[in-house]
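The values are calculated or read from the model by the stated rules, or taken from the named source; none is laboratory data. The structure displayed is predicted, hence computed values, not measured ones. Note that each Cβ is placed from the backbone with ideal geometry, even for glycine, and that neighbours are counted across all protein chains shown. When the accessible area is computed, the model is the full protein with side chains, heavy atoms only, and any ligands, DNA or RNA have been set aside. Shrake-Rupley method; radii C 1.70, N 1.55, O 1.52, S 1.80 Å.
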Amino acid sequence: MSKWVKQSILVSLVLAMSVALVACGGDKANDKASATAGADGGKGKSVQLLNVSYDPTRELYESYNKAFATYWEREKGQKVTIQQSHGGSGKQARAVIDGLEADVVTLALGYDIDSVQESGLINEGWQQKYEHNSSPYTSTIVFLVRKGNPKGIKDWDDLIKDGVEVITPNPQTSGGARWNYLAAWSYALHHNNNDEAKAQEFVKQLFEHVPVLDSGARGATTTFVERGLGDVLLAWENEAWLAVKELGPDKFDIIYPSESILAEPPVAVVDKIVDKKGTREVAEAYLKYLYTEEGQTIAAENYYRPTLDSVKEKFKDQFPDIKLYTIDEVFGGWTVAQPKHFNDGGIFSQIYVPK
Amino acid sequence: MTFMPSRTDTRRGVLPGFGLTMGYSILYLSLIVLIPLSALLLNSTGLTWEKFWSIATDPRVLASYRVSFLTAAAAGLVDAVLGLLLAWVLVRYEFPGKKIFDAMIDLPFALPTAVAGVSLTALYSSKGWLGSFFEPLGIKTAFSPLGITLALMFIGIPFVVRTVQPVLQDLDAEVEEAAATLGASRLRTFRSVILPELLPPLLTGFALAFSRGIGEYGSVVFISGNMPMKTEIAPLLIMSKLEQFDYAGATAVALMLLLISFALLLLINSLQSRVRKTAR
């Protein structure tokens, strides 16, 4: 072999190695760049926020971020750009725990934010920091049925009638689906003199009517809407409205059961990150602004229930009044409900294991 | 016709600098494979041995292993047979559009598996084009182990075709002609001349398709229906444990999956080397 062939092979090896090294170092360089941008953002011209949220809030925060940026520039003369990150709620919480530098988290359930708190990134007592358990907007679980409601589904009892197929995602893999399960449970509890065994029997029967357990909420919506499977979809109110709006009101009806659960998707500032990046002021303002007239209107326009009375009044036709129980009332909060119902060995996993 | 390299040639090797290349290989293998795998081990060290065992042998976990391994094996077997046929047609016959046909084999590699899963589910669900055809016959395709096998067949087929194809290409047609002139029937020629040559790559292709199928997540979650104890695959259980922030439990299941797959692949590999020896 001639000498220059050998040399060129050596050179290409060295090149390959340096490419690999650069690729490894690339992330760090990026981190540094964003950190410095955040640090002088506190006083300087522009500031960047990262809002780590869950799937169905994409449209909501797209319009809210614009409104907040305008407000902040008017108020403080500072430009703010907000990056959004969406995905399954639990997955998003894990990303933050594993090092995704979120300034604020806006997730589907308190349990996910509790887990971020346990990792030390968020200070204790986050849920008392803002009004209404730090949930600026709420939602509930409703039924989406096919147009004309051919199976005559009116309330939770109708779901366990013969021949009714119910579509819901798996509560163990989908945070949103845990609200479905809890809504069914609390209904059964109230209609059986708070008898837990009867509630469990009801939920067990309900899941016997579930032909497919999708792993996430959007998957379940697809199964019901596109594949045409099942008679009723258990869905968040905002998702049900979106489905009706997107697919035409001539295909689906929304049914409000006699009672349901008050779903409270909470928000929190990630204390460790905002202190490091110097973005606390703007991050806190970002969450507080959700409670103002404008923030509440944007939430309502995206089919989330507003908590501010004046906005509630304006949208009262869109959100029928039904009896809503909070998770604290019925279950004593997420820290009790999660291990009891959804962790392995909990009630949900017992439903499927033969005795 | 074979060319034996002289002793000095083999010792010196073609690539320069054994130390350098070996060092780089080890570094690269560590960064890409060994360190991530040991991180997996580390994550599960929060568990005691009893805890690990009770997680890994929970009835629901066992059922999911059964689903994962059986469907992956079934898909691998079907792929091995049909992949051989595909490779045979591609190598031995000329027909219009052959190049496109050949390129299509690789599509399952390029396609995001979730897309494959969504489109397969659309086809095979009881209201889909193919599903609505099977449903009256009493065959449930989507949301059953059969659906999972179909998805795994889809993502596994390129492995078999691409391992068998080059061997088939190198096979000398003259050997077959010689067998024919010696009076062997076509079946005999295939069985005693062609098949022994093809068995090792077929086994490799099967092993690749099988192991890919065990860990497959994206394409399966949509078509499987995810019913616990029935159509729940092991990777989904791992995801469900992560959703509970149970890192240790998730890695326990993953580790078990890894160990079983490793044992099976080792078995297949040793089988393959034995086949290769008897073929010579």
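Worth pointing out:
- Just so you know, in the range B:52-88 the residues that are free of Cβ contacts under 8 Å to residues at least 24 places away in the same chain and open to solvent by 50 Å² or more (accessible area, probe 1.4 Å) include one that is nearest to the other protein chains (Cβ to nearest Cβ), and it is B:ASP58.
- Filter result for A:TYR187 (more than 14 Å from chain B (Cβ to nearest Cβ), touching a residue at least 24 places away in the same chain (Cβ under 8 Å) and either in a helix (DSSP H, G or I) or open to solvent by 10 Å² or more (accessible area, probe 1.4 Å) (or both)): yes
- Index of the failed condition, A:ASP155 passing every other in (1) modelled with pLDDT of 95 or more; (2) charged (D, E, K, R); (3) not assigned by the TED database to the domain that holds A:HIS190: (3)
- Test for B:SER119: is it modelled with pLDDT of 90 or more, surrounded by fewer than 18 Cβ atoms within 10 Å (Cβ to Cβ), within 14 Å of another protein chain (Cβ to nearest Cβ) and assigned to a helix (DSSP H, G or I): yes
- Of all residues in the range B:204-216, none are crowded, with 22+ Cβ neighbours inside 10 Å and over 17 Å from the mean Cα position of the chain (by Cα).
- Hits in the range A:88-113 - residues which are within 12 Å of chain B (Cβ to nearest Cβ), part of a loop (DSSP other than H, G, I, E, B) and open to solvent by less than 20 Å² (accessible area, probe 1.4 Å): A:ALA108, A:LEU109
- Qualifying helices (runs of 4 or more DSSP H) (wholly inside the range A:278-353; at least 2 residues being within 14 Å of chain B (Cβ to nearest Cβ) and surrounded by 15 or more Cβ atoms within 10 Å (Cβ to Cβ)): A:334-337, A:347-352
- Within the range B:178-280, helices (runs of 4 or more DSSP H) holding 1 or more residues that are within 14 Å of chain A (Cβ to nearest Cβ), of a type in the set (Val, Ile, Thr) and in contact with a helix residue (DSSP H, G or I) (Cβ under 8 Å, 6 or more places away or on another chain): B:218-224, B:234-243, B:247-279
- When A:VAL212, A:VAL203, A:VAL225 are checked against the criterion of being among the β-branched types (Val, Ile, Thr) and more than 13 Å from chain B (Cβ to nearest Cβ), a single residue qualifies: A:VAL203.
- For the range A:143-180, the tally of residues that are in contact (Cβ under 8 Å) with a residue 60 or more places away in the chain, under 16 Å from A:GLU239 (Cβ atoms) and assigned to a helix (DSSP H, G or I) stands at 4.
- Filter result for B:LEU130 (more than 22 Å from the chain's Cα centre (by Cα), open to solvent by 30 Å² or more (accessible area, probe 1.4 Å) and more than 14 Å from every other protein chain (Cβ to nearest Cβ)): no
- The number of residues in the range A:115-129 that are closer than 15 Å to B:GLN244 by Cβ and open to solvent by 30 Å² or more (accessible area, probe 1.4 Å) comes to 2.
- Screening B:ARG162 on (1) of a type in the set (Lys, Arg); (2) at pLDDT below 90; (3) under 30 Å from B:SER64 (Cβ atoms) shows it passes everything except condition (2).
For (1) farther than 23 Å from A:GLY175 by Cβ; (2) at pLDDT below 55; (3) not polar (S, T, N, Q), each residue gets a yes or a no:
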position: A:LEU10; (1), (2), (3): yes, no, yes
position: A:ALA23; (1), (2), (3): yes, yes, yes
position: A:GLY44; (1), (2), (3): yes, no, yes
position: A:VAL52; (1), (2), (3): no, no, yes
position: A:ARG74; (1), (2), (3): yes, no, yes
position: A:THR81; (1), (2), (3): yes, no, no
position: A:GLY87; (1), (2), (3): no, no, yes
position: A:ALA93; (1), (2), (3): no, no, yes
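- The residue of the range A:49-72 that is most open to solvent (accessible area, probe 1.4 Å), among those that are part of a strand (DSSP E or B) and either touching a Gly at 6+ places or on another chain (Cβ under 8 Å) or over 16 Å from A:LEU242 (Cβ atoms) (or both), is A:LEU50.
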